[in-house]
1. Out of all the residues in the stretch 30-64, which are of a type outside the set (Ser, Thr, Tyr), in contact (Cβ under 8 Å) with a residue 60 or more places away in the chain and either under 15 Å from residue 117 (Cα atoms) or part of a helix (DSSP H, G or I) (or both)?
2. Under 6 Å between Cβ atoms, at least 6 apart or on separate chains: pull out the pairs that start in the stretch 65-76 with a residue that is closer than 14 Å to residue 33 by Cα and end on any residue that is β-branched (Val, Ile, Thr) and buried (at least 18 other Cβ atoms within 10 Å of the Cβ).
3. With respect to residue 91, determine if the residue is touching a Leu at 6+ places or on another chain (Cβ under 9 Å), among the basic types (Lys, Arg) and touching a residue at least 40 places away in the same chain (Cβ under 8 Å).
4. Could you check the stretch 100-115 and list, in sequence order, the residues that are free of Cβ contacts under 8 Å to residues at least 60 places away in the same chain and under 22 Å from residue 204 (Cβ atoms)?
5. Mind listing whichever residues of the stretch 180-196 are surrounded by 13 or more Cβ atoms within 10 Å (Cβ to Cβ) and part of a helix (DSSP H, G or I)?
6. Report yes if some residue within the stretch 123-131 is small (Gly, Ala, Ser) and at positive phi; otherwise report no.
7. Could you list, in sequence order, all residues of the stretch 1-42 that are surrounded by fewer than 19 Cβ atoms within 10 Å (Cβ to Cβ), in contact with a helix residue (DSSP H, G or I) (Cβ under 6 Å, 6 or more places away or on another chain) and over 25 Å from residue 70 (Cβ atoms)?
8. What number of residues within the stretch 155-169 satisfy the criterion of being closer than 21 Å to residue 70 by Cα and buried (at least 17 other Cβ atoms within 10 Å of the Cβ)?
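The values are calculated or read from the model by the stated rules, or taken from the named source; none is laboratory data. Since this is a predicted model, take the numbers as computed values, not measurements. Here the Cβ positions follow ideal geometry from the backbone for every residue, glycine too, while neighbour counts run over all protein chains shown.
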Amino acid sequence: MSATDELLCEVDADGIAHLTLNRPQARNALTFAMYERLYELSRSLDEDRAVRAIVITGAGDRAFAAGTDIAQFRSFSTPEDALGYERFMDRVLGSLERCRKPTVAAIAGACTGGGAAIAAACDLRIATRDARFGFPIARTLGNCLSLGNLRRLSALVGAARVKEMIFTARLVEAEEAKAIGLVGEVLADAPALRARAGELARLLASHAPLTLAATKEGLRRLNEAEAPEGARPGDDLILMCYTSRDFREGMEAFLAKRPPEWTGT
């Protein structure tokens, strides 16, 4: 399948763009090509005057997205691979965050890793009662989040909860996610989620576009520390994790479905 088949886009008669992460056989884990298509769609839909709101969801009801397809990390061999990946991700998620159209993440099932990062970059999040959120990287891969991802998460739930989620590697259940402000609504099941996502998107589409766009951009500017040219804040942390023996061990253990053996090196 091509990235076009794996990330579907359809604009309905109400001007709602429906983006569907379409790898249900892999719990909608994203390939690099899918991320690139998300970047391109974020930019093109932003410029399309016929589009008034965007809904992102995952195919099926098992997962919104279970992160990045881990097999792709096997090609990493240099510090530049690690920095390049995180900068690529910041470019993709930044394009979604900067999109002037209101975005709704409609989440059923697992929403982890890169999937949770996409949801955090959206303006509103709604979920089914069986949804689960988290970044279990301390238990699985041994990598880290970029400063951009940490900023988005801490703006949603606070730094203390971000640390608790990542340190314990636990997944947050839907009702707790609502209580801490990670999602705004919890729906009974996938059909109810789809209906509510459409209803919410149509409501947003009926409101003043410039008011929504100004609010989005103003809040982004309040929360974002612009990165300087060259080395960026946090590059040392990315390199510490992605070039470690532990990251290689975590990746291979994940793919082999065995527990990793951490050494801290």
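1. Those that are of a type outside the set (Ser, Thr, Tyr), in contact (Cβ under 8 Å) with a residue 60 or more places away in the chain and either under 15 Å from residue 117 (Cα atoms) or part of a helix (DSSP H, G or I) (or both): 30, 38, 56, 64.
2. Pairs found: 67/112; 69/31.
3. On the way: touching a Leu at 6+ places or on another chain (Cβ under 9 Å): no; among the basic types (Lys, Arg): yes; touching a residue at least 40 places away in the same chain (Cβ under 8 Å): yes.
For residue 91, the condition - touching a Leu at 6+ places or on another chain (Cβ under 9 Å), among the basic types (Lys, Arg) and touching a residue at least 40 places away in the same chain (Cβ under 8 Å) - is not met.
4. Looking only at the stretch 100-115, we keep the residues that are free of Cβ contacts under 8 Å to residues at least 60 places away in the same chain, and these are 103, 105, 111-113.
Answer for the stretch 100-115, where residues must be free of Cβ contacts under 8 Å to residues at least 60 places away in the same chain and under 22 Å from residue 204 (Cβ atoms): 103, 105, 111.
5. 190, 192, 193, 194, 196, listed by residue number.
6. Quick first cut of the stretch 123-131, residues small (Gly, Ala, Ser) only: 127, 131.
Narrowing the set further to residues that are at positive phi leaves none.
No: the stretch 123-131 contains no residue that is small (Gly, Ala, Ser) and at positive phi.
7. Within the stretch 1-42, 9, 14, 15 meet the criteria.
8. Qualifying residue count for the region: 2.
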